[in-house]
Amino acid sequence: MPKKTITKKKYTPTTKEKYMCARHKKFFTEELLKWKNDIIKSNNLGNILNSSDDNVSSADVIDQASSYTDKSVEMKSLNRSRKLISKINSALQRIKDGTYGFCEETGEPIGLKRLMARPVATLSIEAQERHERDEKIFIDD
């Protein structure tokens, strides 16, 4: 008799449940931690692969320039990763203190779809759009 394999269905938060119930918080905590670990792993791999860059001391100016450009792009990427990890840590702290999932400006729920698309979101779609409009007006002046 063939052995039955039980596949565990991945939980997805729904609007049928109370907003930011324990299951929602657990789901987003796991997603954020997984995302953070993926970022850390990819950055560590990048650092290992690029640690043996011999072109910096090369006599060829083109090799040096290329190496400098590569390092510049790598540093920008690492900086973005650090900022993202900081946002993830903030989101994890908000889960602990009970403010996760609620707009920083209005206090209204951000919404599950938005949080699943952008788990570090701190503004509702309306507040984010208002913020971007205000920013555009400020830039255009």
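The values are calculated or read from the model by the stated rules, or taken from the named source; none is laboratory data. Because the structure is predicted, anything quoted here is derived from the model rather than measured. Quick reminder, even Gly has a Cβ in these numbers, built from the backbone with ideal geometry, and neighbours come from all protein chains shown.
Residues in the range 118-129 that are out of contact with any helix residue (DSSP H, G or I) (no Cβ under 9 Å at 6 or more places or on another chain) and without any contact (Cβ under 8 Å) to a residue 24 or more places away in the chain: Arg118, Glu126, Glu129.
When restricted to residues that are surrounded by 12 or more Cβ atoms within 10 Å (Cβ to Cβ) and without any contact (Cβ under 8 Å) to a residue 40 or more places away in the chain, the range 17-33 contains 4. Among residues of the range 63-91 that are without any contact (Cβ under 8 Å) to a residue 12 or more places away in the chain, those with a Cβ under 8 angstrom from a residue that is surrounded by 13 or more Cβ atoms within 10 Å (Cβ to Cβ) and in a helix (DSSP H, G or I), sequence gap 6+ or separate chain, pair up as Asp63/Asn55; Gln64/Asn55; Ser66/Asn55.
Residues in the range 99-112 that are under 24 Å from Asn37 (Cβ atoms) and either assigned to a helix (DSSP H, G or I) or in contact (Cβ under 8 Å) with a residue 12 or more places away in the chain (or both): Tyr100, Gly101, Ile110, Leu112. Touching a Lys or Arg at 6+ places or on another chain (Cβ under 6 Å), surrounded by 11 or more Cβ atoms within 10 Å (Cβ to Cβ) and either among the β-branched types (Val, Ile, Thr) or modelled with pLDDT under 95 (or both): does that describe Ile95? Spelling it out, Ile95 is indeed touching a Lys or Arg at 6+ places or on another chain (Cβ under 6 Å), surrounded by 11 or more Cβ atoms within 10 Å (Cβ to Cβ) and either among the β-branched types (Val, Ile, Thr) or modelled with pLDDT under 95 (or both).
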